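The values are calculated or read from the model by the stated rules, or taken from the named source; none is laboratory data. Bear in mind the structure is a predicted one, so any value in this text is a computation, not a measurement. As a convention, Cβ positions derive from the backbone with ideal geometry for all residues, glycine included, and neighbour counts pool all protein chains shown.
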């Protein structure tokens with residue numbers, strides 16, 4: 001696929017996926033959703049790629065869905081738009097690489113959802129997050145799914161019902177954001193975090209990410225059952241044995257799955 005609204009590049013083991021339609025505040029058009037889906041498939045298949053950074057060109061991260069594409073849509077066409085977007089969002093969780101969102105400016109509605117679905121979020125101090133659909137008569141029900149998993153029920157409900165903008169500091173306090181940094185440090189901080197993660201074995205990162213989401217919303221007994229199976233499986237990997245031996249021998253591990 002030829003990309004018109006995104007960019008996909010790499011820096012060694014770190015891939016960089018950029019929303020690239022700043023004129024439209026990087027709105028999630030049907031074209032952009034298709035391109036993101038394709039890029040995530042490419043990333044998943046790239047065995048050299050360990051971590052993915054999701055960033056945006058321009059002053060803002062993402063303003064949500066392109067509302068010009070939603071006027072006059074029937075039920076079937078509307079459902080197809082949201083289903084395609086939901087599949088793309090879910091792919092952020094199911095690709096083997098951890099995904100780090102780099103957020104500047106606004107992340108609203110489905111843009112907030114996009115950040116929330118990422119595994120980690122680094123935001124600049126002036127970033128703002130909101131699910132303001134309630135103010136235009138279109139409640140943010142699909143963003144709600146990611147939001148409730150990121151910040152919990154009460155905080156998510158307040159964001160959804162009021163539609164107000166939350167500062168980066170507030171978003172961090174709620175658990176939506178991991179790190180808040182000055183704008184001039186945003187790129188370096190995000191890439192530094194990605195590079196730190198990329199020091200680990202690609203296979204182990206993939207096992208850990210898959211295991212995390214398999215257990216996170218399960219009852220305690222089911223979560224422990226899943227976690228026990230995952231860690232026992234992880235122990236069979238050559239990189240686990242390499243890492244354990246290196247720790248015992250006080251050496252730096254050399255991963256098979258770099």
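Consider residue 12 against the criteria (1) touching a helix residue (DSSP H, G or I) at 6+ places or on another chain (Cβ under 9 Å); (2) within 20 Å of residue 145 (Cβ to Cβ): it satisfies all of them except one. Which criterion is unmet?
All conditions are met except number (2).
Could you list, in sequence order, all residues of the range 147-165 that are crowded, with 19+ Cβ neighbours inside 10 Å and closer than 26 Å to residue 182 by Cα?
147, 150, 151, 155, 156, 159
Where in the range 150-258 are the helices (runs of 4 or more DSSP H), entirely inside, with at least 1 residues that are out of contact with any strand residue (DSSP E or B) (no Cβ under 9 Å at 6 or more places or on another chain) and in contact (Cβ under 8 Å) with a residue 60 or more places away in the chain?
Numbers: elements: 153-162, 168-174, 186-197, 202-215, 220-235, 238-248.
Here the list reads 202-215.
Any residue at all in the range 150-164 that is touching a helix residue (DSSP H, G or I) at 6+ places or on another chain (Cβ under 8 Å) and within 22 Å of residue 95 (Cβ to Cβ)?
Checked against the condition, which is being touching a helix residue (DSSP H, G or I) at 6+ places or on another chain (Cβ under 8 Å) and within 22 Å of residue 95 (Cβ to Cβ), the range 150-164 yields at least one hit.
Kindly check whether there is at least one residue in the range 62-75 that is farther than 21 Å from residue 167 by Cβ, assigned by TED's automatic domain parsing to the domain that holds residue 181, in contact with a strand residue (DSSP E or B) (Cβ under 6 Å, 6 or more places away or on another chain) and not in a strand (DSSP E or B). Give the derivation first.
To start, the set of residues in the range 62-75 that are farther than 21 Å from residue 167 by Cβ comprises 65-75.
If we keep only those that are assigned by TED's automatic domain parsing to the domain that holds residue 181 too, we end up with 65-75.
With the extra rule that they be in contact with a strand residue (DSSP E or B) (Cβ under 6 Å, 6 or more places away or on another chain), the set shrinks to 65.
Add one more test, that the residue is not in a strand (DSSP E or B), and what stays is none.
Checked against the condition, which is being farther than 21 Å from residue 167 by Cβ, assigned by TED's automatic domain parsing to the domain that holds residue 181, in contact with a strand residue (DSSP E or B) (Cβ under 6 Å, 6 or more places away or on another chain) and not in a strand (DSSP E or B), the range 62-75 yields no hits at all.
Tally time: how many residues in the range 93-122 are under 13 Å from residue 166 (Cα atoms), without any contact (Cβ under 8 Å) to a residue 60 or more places away in the chain and either in a strand (DSSP E or B) or within 8 Å of the chain's Cα centre (by Cα) (or both)?
2
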